[in-house]
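What follows is one structure encoded as structure tokens, with my remarks underneath.
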Amino acid sequence: MITCIVACGPAPVPFQAEAPAPTPTVAPATPPREPEPVDALIADRYPSLAHYPGLNAALQAALARRDPPREIFAALADSLAPYRWPSALDWDRQGFIDPHGPRPGFVTRIAGALIEQTSDRHDLGCAGGFLEGVRLTLLPQLAVDDLDRCAYDLAVDGAPTGCDPEHAYGLLALTNVAARLQSEQLPEGPRLFEIGPEDQIGFDRLAAPDAMHLCTVSHASSTRNNDRYHHHLMIVLGTAEHDGYEVFDTTGTRGVALTPMSRSRFFRYCTSLLAANRVYRYVARSARLTCLPVHSQSAAHHGASAPSASTTSPASNERSGS
């Protein structure tokens with residue numbers, strides 16, 4: 001069972017105060033593997049890969065072929081599975097991979113400072129796992145600091161009206177990604193849409209075969225004057241199998257995972273399980289999903305509108321982020 005998911009954004013209270021109830025220690029699924037040599041072209045295109053503790057051949061092959069996101073996410077989760085932290089209490093919600101900063105590699109943001117993770121830890125928080133998913137399918141050069149910027153180069157429908165990363169971190173992340181994508185990667189343009197618990201049409205959209213949505217989950221906090229916090233980030237893939245979803249995200253007990261979910265399980269996950277926070281005491285019935293429909297690089301690569309290499313370089317197109 002998934003226990004407590006805490007916020008991706010800035011930490012208004014110490015992490016220990018928001019920790020989930022103790023859970024049994026989870027041993028790594030398999031012993032850590034020797035890192036696979038990374039192909040130079042792959043490493044150049046996806047700079048965060050240089051800092052993975054292990055990289056299986058399947059992930060490199062999927063990236064080289066520009067496979068659909070499902071194959072990339074499955075291989076990414078498998079690559080990181082041996083390095084998952086031992087228990088939910090060890091999970092670091094602020095962990096991410098910094099390819100270019102003063103301390104390249106796995107780092108943790110604490111009180112605004114970047115702290116290098118010890119050699120035996122490879123923790124990705126919710127935003128850090130989401131960032132890797134976006135990097136490997138959409139924007140290879142995206143930085144964690146790009147996620148909560150309050151100035152966008154492009155108007156995005158549904159973007160937050162103010163600059164409030166504490167409450168709107170997830171909204172800001174989706175908005176900044178939308179502002180950096182190519183037009184062919186945005187099937188409905190730079191537009192966010194919200195799904196409420198009773199919005200069956202919205203859930204149908206997410207479940208459409210081959211659909212890919214970047215989403216943030218929000219709840220009202222019963223301990224914060226019912227303020228709404230967009231506190232979790234995920235990538236949702238539609239699937240023809242069982243009329244459900246595959247969810248790519250990072251949680252305290254599963255690590256980085258691609259999880260098949262039926263519609264009923266997905267509903268419970270978004271409403272009740274992600275609301276289980278001791279400090280914020282999120283109201284399950286207040287749950288909302290805000291999503292951005294996207295086409296991955298792999299989908300564009302296999303279609304007629306595939307972007308050329310020149311359209312994804314910083315010099316030729318700053319919006320591409322790659």
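The values are calculated or read from the model by the stated rules, or taken from the named source; none is laboratory data. Every value quoted in this text rests on a predicted model; they were computed, and no experiment measured them. Cβ atoms come from the backbone with ideal geometry, glycine included; neighbour counts cover every protein chain shown.
Being in contact with an Asp or Glu (Cβ under 6 Å, 6 or more places away or on another chain) and within 20 Å of residue 132 (Cα to Cα) is the filter here; which residues of segment 214-257 pass it? Walk me through how you get there before you give the answer.
Taking segment 214-257 first, the residues in contact with an Asp or Glu (Cβ under 6 Å, 6 or more places away or on another chain) are 221, 234, 237, 239.
Listed by number, the residues that qualify are 234, 237.
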Do we have any residue at all in segment 227-237 that's surrounded by fewer than 16 Cβ atoms within 10 Å (Cβ to Cβ) and part of a loop (DSSP other than H, G, I, E, B)?
yes
Spot the failing condition for residue 177; the list is (1) crowded, with 24+ Cβ neighbours inside 10 Å; (2) not in a helix (DSSP H, G or I), and only one is missed.
(2)
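Which residues, counting only those in segment 180-199, are part of a helix (DSSP H, G or I) and surrounded by 21 or more Cβ atoms within 10 Å (Cβ to Cβ)? Steps first, answer last, please.
Let us first name the residues in segment 180-199 that are part of a helix (DSSP H, G or I), namely 180, 183-185.
Selection gives 180, 185.
Mind listing whichever residues of segment 173-182 are touching a residue at least 40 places away in the same chain (Cβ under 8 Å) and over 18 Å from residue 236 (Cβ atoms)?
Taking segment 173-182 first, the residues touching a residue at least 40 places away in the same chain (Cβ under 8 Å) are 173-174, 177-182.
179, 180, 182 - these are the residues of segment 173-182 that are touching a residue at least 40 places away in the same chain (Cβ under 8 Å) and over 18 Å from residue 236 (Cβ atoms).
Which strands (runs of 3 or more DSSP E) does segment 49-150 wholly contain that include 3 or more residues that are touching a Gly at 6+ places or on another chain (Cβ under 8 Å)?
Values: elements: 95-98, 105-110, 113-116.
Fully inside segment 49-150 and qualifying: 95-98, 105-110.
The rows are residues; the columns are (1) out of contact with any strand residue (DSSP E or B) (no Cβ under 6 Å at 6 or more places or on another chain); (2) hydrophobic (A, V, I, L, M, F, W, C).
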site: 116; (1), (2): no, no
site: 124; (1), (2): no, yes
site: 130; (1), (2): no, yes
site: 135; (1), (2): yes, no
site: 143; (1), (2): yes, yes
site: 159; (1), (2): yes, yes
site: 170; (1), (2): no, no
In segment 246-263, which residue that is of a type outside the set (Asp, Glu), buried (at least 24 other Cβ atoms within 10 Å of the Cβ) and touching a Gly at 6+ places or on another chain (Cβ under 7 Å) is nearest to residue 163 (Cα to Cα)?
250
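Can you say whether residue 19 is modelled with pLDDT under 65, over 17 Å from the mean Cα position of the chain (by Cα), over 23 Å from residue 214 (Cβ atoms) and of a type outside the set (Ser, Thr, Tyr), as far as the supplied structure shows?
Values: modelled with pLDDT under 65: yes; over 17 Å from the mean Cα position of the chain (by Cα): yes; over 23 Å from residue 214 (Cβ atoms): yes; of a type outside the set (Ser, Thr, Tyr): yes.
Judged against the criteria, residue 19 is a match.
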So, in segment 146-174, of the ones that are within 15 Å of residue 289 (Cα to Cα) and of a type in the set (Gly, Ala, Ser), which residue ends up surrounded by the fewest Cβ atoms within 10 Å (Cβ to Cβ)?
158
Cβ-Cβ below 7 Å, separation at least six or inter-chain, first residue in segment 268-293 and closer than 13 Å to residue 226 by Cα, second modelled with pLDDT of 95 or more and basic (Lys, Arg): which pairs?
280/224
Determine which member of the set 74, 143, 113 is among the small types (Gly, Ala, Ser) and free of Cβ contacts under 8 Å to residues at least 24 places away in the same chain.
113
Would you be able to tell me the number of residues in segment 200-220 that are assigned to a strand (DSSP E or B) and farther than 9 Å from residue 289 by Cβ?
4
